[in-house]
Amino acid sequence: MLEAAKIKQNLASNGYNWLPNYKNILTSVWAHIEVFFDEDETVQSALWASFKRDTEDYIGIVFITSKRCFTVECVENQTHVKYTPIQIYNLEKIQVQFSQSKTGLNYVSLVSDSFGNGTTFACPSQEVVNHFIDTLKGKTGSTIEFLPDSDDPLLAENEKEQLIDEDLNKATVVPPHKFQKKVEEIKPMKEFDGWRKETPVASEKVVVIQKVPKKAKPKAKARDEGYGSKSHSQLWVLWLLIPIIAVTAIICVIFLL
């Protein structure tokens, strides 16, 4: 726990000398801040402001310390104080709008994502807002956008209303804030004749079927198998009978003698 006197010393050493004097923040929030700090952390800046959260009107103080960024807050006209951390390192962008008359509210909008979700804080002190933004610059790499000075409330991205038709086919968006940057309409590119056209339907294709003649089977080469290959001829029988007849004749002559 860090004592309130030590918190004041930390802020004073960083050039911060403004105690909250707006919507009872001093008695409703500042009086209960000690329990939300560690003894080894240094308080660098504090933005006391009013804001909306979950459709409720809140008052509180956004603290930037050597360790973190968080809000000590309570519902307006109530005494229950709570702690809400803020991921300043992942902010999409930060919007700032100072009062034109110097007597109205100054706005700081911390937009947490590309969908416009975030919180918009309203503070009557321009010096407090300047100190908070200067301290925040060294803590985050997100874009800080300064809108023109105006006494109109800052229309933050998260405060836009969208009216959707019952048939869910159309959506009507409330006109943007007059200081919001206009987004140029992107026109489709012109198609040239040289671009590849759509593939024709299968039924529109004409395919010519050609009959391919069957390849003739190559003739096998005749093999010379020698004398045995001529066994189909009857000439070899004659040559076989001659010696047999001769031998038979000789044997007969021998027996006759």
>> If I histogram all Cα-Cα distances within segment 4-156 using bins 10 Å wide from 0, what percent of pairs lands in each bin?
In response: 11, 43, 38, 7, 0
> Of Lys67/Lys137; Lys52/Lys139; Lys6/Lys67; Lys52/Lys102; Lys52/Lys82; Lys82/Lys139, which sit over 21 Å apart, Cα to Cα?
Replying inline: Lys52/Lys139; Lys52/Lys102; Lys82/Lys139
>> As a test question: what accessible area, to the nearest 10 Å², does Tyr83 have when a 1.4 Å probe is rolled over all protein chains in place?
In response: 90 Å²
>> Using amide H atoms built in the peptide plane, which far-off residues or other-chain residues are under 5 Å from Arg53 H to H?
In response: Tyr58
>> Could you give each residue of segment 27-33 its phi-based ³J(HN,Hα) in whole Hz, using Karplus coefficients 6.51, -1.76, 1.60 with θ = phi - 60°, and x for Gly or Pro?
In response: 8, 8, 10, 4, 5, 10, 7
>> If I ignore ligands, DNA and RNA and count only protein heavy atoms, how much of Lys6 is accessible to a 1.4 Å probe, in Å² to the nearest 10?
In response: 90 Å²
>> For His80, what accessible surface area do you get with a 1.4 Å probe? Give it in Å², rounded to 10.
In response: 140 Å²
> In sequence order, what are the phi-derived ³J(HN,Hα) couplings for segment 73-80 according to the Karplus relation 6.51 cos²θ - 1.76 cosθ + 1.60 with θ = phi - 60°, rounded to whole Hz, with x for glycine and proline?
Replying inline: 9, 7, 5, 4, 6, 10, 10, 6
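The values are calculated or read from the model by the stated rules, or taken from the named source; none is laboratory data. This structure is a prediction, so every number in the text was calculated from the model and none was measured. Only protein heavy atoms, including side chains, enter the accessible area calculation; ligands, DNA and RNA are left aside. Shrake-Rupley method; radii C 1.70, N 1.55, O 1.52, S 1.80 Å.
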